[in-house]
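The values are calculated or read from the model by the stated rules, or taken from the named source; none is laboratory data. A quick note: this is a predicted structure, and the numbers were derived from the prediction, not measured. Quick reminder, even Gly has a Cβ in these numbers, built from the backbone with ideal geometry, and neighbours come from all protein chains shown. SASA here: full protein model, heavy atoms, side chains in, ligands and nucleic acids out. Shrake-Rupley method; radii C 1.70, N 1.55, O 1.52, S 1.80 Å.
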Amino acid sequence: MELRVTESSETELSIEIAGEDHTFMNVLKGTLLEHDDVSAATYDVNPEQSGGQTEPILTVKTESGVDPLDALEEAAVDVREKAVAFREAFEAAA
Amino acid sequence: MSAEYDVEFVEREDRDARFLVQGITPAFANGIRRAMLADVPTMAIDTVRFVENSSVMFDEQLALRLGLVPLTTPPVGEFVEDDTVTLSIDVEGPATAYSGDLVSSDDLVQPADENVPIIDLKDGQRLEAEADAVLDRGKDHAKHQGGVAVGYRHLQRVAAVEDLPEFEEPDRRIVRGVIEEDGELVPTSEFDHDLSNRYPGQEVTLEDVPNSFVFHVETDGSFSVEELVTRAADTIESRATELENAVQL
């Protein structure tokens, strides 16, 4: 997973997350939107054959005073916790 | 924030199961589904060396057919990508070569089904080949797809509202999946997917239960449903961990 920041300001961040697809990006976006300090989150990805930018680009906007990179890190932790919680709940039922 | 999930099995067999997950967002449910299809590695034949092929099919066609034979996938940690397992096949006509004729060099990697036909050999025709199986993901080739029919539907809550007028022709009310009835989970196959069978002469309401999804998971035999689901959750976890570490740098 290679990260490359394409645009960055105090409350807005665009970051390319190489090697990922909708599987992870949509989970990440959904988790970012659950975050209280995130005012907007989206990602864009183009088909492989389209040429140009084909890696997904995640854009995060935060409320003032919150670094979007911190929000992204917290979202990553949330996704990990979700995956662990899901596996544990599943194993408990299995 | 940590999510609380609640999982309950509705139907359960080794290769086929239905289970309800409560408290899951649509985004995460779809992530799990996609991970089961494309991101859980399985073993499949990738390279074939033909010693003799006097059958009616080209080597390439047979290689594709061999590749599509589901192989049992060893537990996590036994194999890494690029490890290979050799399987050999030697069948002489008149006979049909089946997946069960494949002889594996490793007990952990065996054909998941014995009865997949590979080629019908006529008198005097022979197939002798050596094949290397590798671990890869469904994203790269469908033969590495462990889940063959993976999907989910909203859990649906049914409630009877009132009796239909006595002489009204009852309409069929088709619903598929699993319904919730006073807290009980009922697969719709129990009443032929038709609510008018279960509630004759009554008007019923049907609503999706938010954040409750009934997954239907079927595997190709590479591993059990439990393995597939836990490994799919693991792939998402590992990518989240990777992102976490990458952001911290």
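Here's how it looks for B:Tyr98: its modeled amide H is under 5 Å from those of B:Ile118, which are all 5 or more places away or on a different chain. Solvent-accessible area lost on pairing A with B (1.4 Å probe, both sides summed) amounts to about 3300 Å². Other residues within the sphere of radius under 13 Å centred on the Cβ of B:Glu184, judged by their own Cβ, net out at -3 (K and R +1, D and E -1). Each residue of the stretch B:27-34 was assigned a 3J(HN,Hα) from its phi angle through the Karplus expression (A = 6.51, B = -1.76, C = 1.60, θ = phi - 60°), giving 4, 6, 4, 5, x, 5, 4, 5 Hz with x at Gly and Pro. Taken as Cα centroids, the stretch B:178-249 and the stretch B:22-48 sit 14 Å apart, rounded to the nearest whole angstrom. Projecting the Cα atoms of B:Gly100, B:Thr73, B:His216 onto the charge dipole of the protein assembly as shown (Cβ charges, centred on the Cα centre) puts B:Gly100 farthest toward the positive pole. Kindly tabulate the residues in the stretch A:42-84 with an accessible-area decrease of at least 10 Å² between the chain alone and the assembly of all protein chains, using a probe of 1.4 Å. Flagged in the stretch A:42-84: A:Leu69, A:Leu72, A:Glu73, A:Ala76, A:Val77, A:Asp78, A:Val79, A:Arg80, A:Glu81, A:Lys82, A:Ala83, A:Val84. Expressed as a whole percent, the accessible surface of the protein assembly as shown that belongs to carbon and sulfur atoms is 43, based on a 1.4 Å probe.
Sort B:Asp132, B:Asp171 from largest to smallest accessible area, using a 1.4 Å probe on the heavy atoms of the protein chains.
Details: B:Asp132 25, B:Asp171 120 Å².
Listed by decreasing accessible area, they come as B:Asp171, B:Asp132.
Short-range pairs are left out: with C-alpha atoms under 8 Å and at least six residues apart, the relative contact order of chain B is 27 percent. For the protein assembly as shown, the solvent-accessible area of protein heavy atoms averages 50 Å² per residue (probe radius 1.4 Å; ligands and nucleic acids excluded).
Shown for the stretch A:1-17: residues covered by the partner protein chains by 20 Å² or more of accessible area relative to the chain by itself (probe radius 1.4 Å), namely A:Met1, A:Leu3. With a 10 Å cut-off around each Cβ of B:5-13, the average count of Cβ atoms from other chains is 3.
Among rounded, prolate and oblate, which fits the protein assembly as shown when a ≥ b ≥ c are the square roots of the eigenvalues of its C-alpha gyration tensor, a/c under 1.5 means rounded, and a/b larger than b/c means prolate? Walk me through the intermediate numbers first.
Details: a/c = 2.43, a/b = 1.20, b/c = 2.02.
Cα axes put the protein assembly as shown in the oblate bin.
For B:Gln202, nonlocal amide neighbours, meaning residues 5 or more places apart or on other chains whose placed amide H falls under 5 Å from its own, are B:Leu164.
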